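Written out below as structure tokens is the structure these notes cover.
The values are calculated or read from the model by the stated rules, or taken from the named source; none is laboratory data. Just so you know, these numbers come straight off a predicted model, no measurement behind them. Here the Cβ positions follow ideal geometry from the backbone for every residue, glycine too, while neighbour counts run over all protein chains shown.
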Amino acid sequence: MKVHVLDANALYRLLIRGPGFEIVNRLLKEARDAEQPLHMSVVNWGEVYYTIARAEGLAETERIMQRVRLLPLAILDVGEAVTARAAQLKAGYGLPYADCFAAAIAEKDGVLVTADVKDFRKVSGLQILPLPPHKV
């Protein structure tokens, strides 16, 4: 069974109820029912953390991230192999470096949930569940 891997924008949209949050919410409900958590790299989790911290301050960020910890979402540490693959993706496709961690995790047996479809489509074989594009 394929596991869904969240890019930072997928979790952030869930938290702010942005475009596509319903898709992420449905995936989380399905993950809870199946007792199979979604995945996210700790690097992408950190992107969400600092994005909220810049807008809301550290105390509010901690409160929000405590709620995130209750979700059926496994935050994956990245070791040398994932980091090496992320570096290869960066060198080969020019993706933003943090995005390369989401791609590296999803690449083998996952489906990447993201709004950054244009960037990730460069990676051949990567399965993507698209969220609505960013509004300009």
Across (1) over 17 Å from Leu14 (Cα atoms); (2) of a type in the set (Lys, Arg); (3) in contact with a Leu (Cβ under 9 Å, 6 or more places away or on another chain), Lys118 clears everything bar (3)
Of all residues in region 106-128 being closer than 17 Å to Val82 by Cα and among the acidic types (Asp, Glu), which is surrounded by the fewest Cβ atoms within 10 Å (Cβ to Cβ)? Asp109
Subset of region 96-116, residues modelled with pLDDT of 95 or more and over 12 Å from the mean Cα position of the chain (by Cα), comes to Pro96, Tyr97
Report the residue count in region 74-98 for those that are under 29 Å from Arg17 (Cβ atoms), among the aliphatic types (A, V, I, L, M) and in contact with a helix residue (DSSP H, G or I) (Cβ under 7 Å, 6 or more places away or on another chain). 5
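What is the residue count in region 76-105 for residues that are surrounded by fewer than 16 Cβ atoms within 10 Å (Cβ to Cβ) and either within 16 Å of Asn9 (Cβ to Cβ) or touching an Asp or Glu at 6+ places or on another chain (Cβ under 8 Å) (or both)? Before the answer, list the steps.
Filtering region 76-105 down to residues surrounded by fewer than 16 Cβ atoms within 10 Å (Cβ to Cβ) leaves 77, 79-81, 83-84, 87-88, 91-92, 94, 96-97.
Next, only the ones that are either within 16 Å of Asn9 (Cβ to Cβ) or touching an Asp or Glu at 6+ places or on another chain (Cβ under 8 Å) (or both) stay: 96-97.
Total meeting the criteria: 2.
Out of everything in region 1-20 that is β-branched (Val, Ile, Thr) and outside any helix (DSSP H, G or I), what residue ends up being nearest to Phe120 (Cα to Cα)?
Within region 1-20, the subset β-branched (Val, Ile, Thr) is 3, 5, 16.
Keeping just the survivors that are outside any helix (DSSP H, G or I) gives 3, 5.
Details: Val3: 17, Val5: 13 Å.
Once the filter is applied, the top-ranked residue is Val5.
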For region 1-28, which positions are buried (at least 18 other Cβ atoms within 10 Å of the Cβ), out of contact with any helix residue (DSSP H, G or I) (no Cβ under 8 Å at 6 or more places or on another chain) and closer than 23 Å to Ala53 by Cβ? Asn9
